[in-house]
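The values are calculated or read from the model by the stated rules, or taken from the named source; none is laboratory data. These numbers come from a predicted model, not from an experiment. Cβ: placed from backbone, ideal geometry, glycine included. Neighbour counts: every protein chain shown. Surface accessibility is based on the protein's heavy atoms, side chains included, excluding ligands, DNA and RNA. Shrake-Rupley method; radii C 1.70, N 1.55, O 1.52, S 1.80 Å.
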Amino acid sequence: MTSDLGLALISGMKSKIDWLGKMKFAGGPEGFSVPMDTTPPLGDNTGMSPKQMLLVSICGCTAMDVVALLKKYKQPLESMSVEAEADTTDDHPRIFKEVHVRYTLTGEVEIERVKSAVELSMQQYCGVSAMVAKASPIRYSVILNGRAVHSGQAFTQQS
């Protein structure tokens, strides 16, 4: 399969954004639309920046893995949030120096099952984290029922 740009498409993923003026864009894949913008004076801060969207993508990718694995393990998860934060380098291109991902979970879930789910996501399954980890280290921590139970670094086995 080939894209409109003549590039080979491996998985058929495709996305498009449209410029809406100033530094505002909107778009996404297959009919979905997400606004993007930047802060004044260039933009109006009406949407996430591309780097903020990347952090959200890390959170979404790994959260889906962890929830799916905990369901597979038949764990009674009550709630979960995943936060990511990063500082950027001073020089161009401004990339993430390091990303920190924090999982906060509640429920009568087994600590070992939570650790396993997070490790599998951050060492094997989360494709977004795997891509980012090639340029910027990703460290993670796990809080279960208000207690720190685990921490690590993503994709440490990659070559």
Let me spell out the model: positive unit charges on the Cβ of Lys and Arg, negative unit charges on the Cβ of Asp and Glu, origin at the Cα centre of the stretch 17-79. What dipole size does that give, in debye rounded to 20? 220 debye
Assigned charges on the beta-carbon of Lys, Arg, Asp, Glu; the stretch 62-145 dipole about Cα centre (debye): 300 debye
Report, in deg cm²/dmol and to the nearest 500, the calculated mean residue ellipticity at 222 nm for the chain, where each DSSP H run with n ≥ 4 adds -39500 (n - 2.57) and the sum is divided by the residue count. -8000 deg cm²/dmol
Share of Cα-Cα pairs in the stretch 50-159 lying beyond 19 Å, as whole percent: 40 percent
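Taking all protein chains together and a probe of 1.4 Å, list M48, M36 from the most accessible to the least accessible.
On the way: M48 65, M36 30 Å².
So the residues, ranked largest to smallest area, are M48, M36.
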Within the set E30, E83, E110, GNM on the chain using Cα springs under 10 Å gives the largest fluctuation to E30
Rounded to a whole number, what % of the accessible area of the chain do carbon and sulfur atoms account for, probe 1.4 Å? 56 percent
Mind running the shape call on the stretch 64-108? Use the C-alpha gyration tensor, a ≥ b ≥ c as the square roots of the eigenvalues: rounded below 1.5 for a/c, prolate if a/b tops b/c, oblate otherwise. prolate
Inter-part gap, Cα centre of the stretch 130-149 to Cα centre of the stretch 36-52, in whole angstrom, is 26 Å
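Calculate the dipole size of the stretch 1-137 relative to its Cα centre from +1 charges on Lys and Arg beta carbons and -1 charges on Asp and Glu beta carbons; express the result in debye to the nearest 20.
Values: 14 positive and 17 negative charges, 61 e Å.
Result for the stretch 1-137 is approximately 300 debye, rounded to the nearest 20.
So for each of 99-107, 127-135 I average, over its residues, the number of other beta carbons within 10 Å; can you give me the resulting order with the highest mean first?
Numbers: 99-107: 19.0, 127-135: 16.3.
By packing density, highest mean first, the sequence is 99-107, 127-135.
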Taking loop as defined by DSSP and a crowding limit of 11 other beta carbons within 10 Å, which chymotrypsin sites (Phe, Trp or Tyr not before Pro) in the stretch 1-102 fit? F32
How much area per residue is accessible in the chain when the probe is 1.4 Å and only protein heavy atoms are counted (Å²)? 64 Å²
